[in-house]
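Chemist: Before we start, here is the structure in question, set down as structure tokens.
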Amino acid sequence: PSGHTASATAAYGGIAMLYAQSNDSPNRRAFAVLTAVVIALVIGATRIVLGAHTLEESILGAVIGLAAPLFLAIPKQLFKRPLLRNRGWWLFLPCLLLLALLGRHAGTENVITVVAMRLAHWLGACAV
């Protein structure tokens, strides 16, 4: 899995969650979370464009990184009540998704490579 994508998702998602929890404005909360999502997506996409990771590896990195913001999003009341009754099992969702995708090959690497190469050529980002 992409460590860069995991770290970006955890760090920016965590910062966004902390900001959202300390702010009363729904618009500012949404903006913070949206900004974190966009940053994490851009970092994940750059890992694919640079050829460092496949789409699946970037997705797995993001799923792993989601654990931190999800943990911060859990209301404090959930820690005082039984875990399953209060949807605390959402913490385990990234782990289950990771296990479900582990070892899978979606066959999208060739399509992504072609799109990335055309985009890089179009943007003049790399000498191809």
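Chemist: Between residue 93 and residue 27, what length in nm is gained on full extension when 0.36 nm per residue of separation is reduced by their alpha carbon distance? Could you put the intermediate results ahead of the total?
Modeler: Values: separation 66, 0.36 × 66 = 23.76 nm, distance 2.71 nm.
That works out to 21.0 nm of additional length.
Chemist: Set the Förster radius R0 to 30 Å, insert the Cβ-Cβ distance between residue 50 and residue 102 as r into 1/(1 + (r/R0)^6), and round the FRET efficiency to 0.05.
Modeler: That pair, residue 50 with residue 102, gives E of 0.80.
Chemist: Students sometimes get this wrong: rank 29, 118 by accessible area, probe 1.4 Å, all chains present, largest first.
Modeler: Values: 29 95, 118 170 Å².
So, going from the largest accessible area down, we get 118, 29.
Chemist: Sort 53, 121 by accessible area with a 1.4 Å probe, largest first.
Modeler: Details: 53 40, 121 135 Å².
Correct descending sequence by accessible area is 121, 53.
The values are calculated or read from the model by the stated rules, or taken from the named source; none is laboratory data. Here the structure is a predicted model, which means the values were calculated and not measured. Cβ sites come from the backbone with ideal geometry, for glycine too, and all protein chains shown count toward neighbours. For the accessible areas, the whole protein counts, side chains as well, though only heavy atoms, and no ligand, DNA or RNA atoms are used. Shrake-Rupley method; radii C 1.70, N 1.55, O 1.52, S 1.80 Å.
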